[in-house]
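The structure appears below as structure tokens.
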Amino acid sequence: MKKGPLVTRSELRRRQAEEQAAMERNRQLIKRQSEEELREKEQKIDQFYRKELKKNKPVERTRVGERQRSSKMNAFLMKSIIIVTLLLIVVGLMVFFL
């Protein structure tokens, strides 16, 4: 009596295909997990440096710039005070003599 093979070639091919599919799923799962971990690390790093930038804002004003601004404002105010004083004197003279 001739016995048939314990496992046929088609059965071997089917098992091999299932194993390869399972390995591919595992590979994709591991890849997805590693990508998520990498993304989380990058987000933490970005958040850390964003906080650092908020703490250390770049200097927008300088001493020289502030001094120049102050002197321009001082000159403008002095001119306006002189003009207003002259106008008050003119109005006072007009009231006094008319």
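Structure summary
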read-out	value
Phe96 being at pLDDT 95 or above, in a helix (DSSP H, G or I), open to solvent by 100 Å² or more (accessible area, probe 1.4 Å) and not acidic (Asp, Glu)	no
Qualifying residue in segment 51-66 (condition: surrounded by 10 or more Cβ atoms within 10 Å (Cβ to Cβ) and modelled with pLDDT of 85 or more)	yes
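Listed here are the residues, each with its yes/no results for (1) over 45 Å from the mean Cα position of the chain (by Cα); (2) not aliphatic (A, V, I, L, M).
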site: Pro5; (1), (2): yes, yes
site: Arg9; (1), (2): yes, yes
site: Ala17; (1), (2): yes, no
site: Ala22; (1), (2): no, no
site: Gln28; (1), (2): no, yes
site: Lys44; (1), (2): no, yes
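The values are calculated or read from the model by the stated rules, or taken from the named source; none is laboratory data. Treat the numbers as computed from the prediction; the structure is a model and nothing was measured. Note that we place each Cβ from the backbone using ideal geometry, even for glycine, and neighbour counts take in every protein chain shown. Accessible surface is based on the protein model in full, side chains and every heavy atom, while ligands, DNA and RNA are left aside. Shrake-Rupley method; radii C 1.70, N 1.55, O 1.52, S 1.80 Å.
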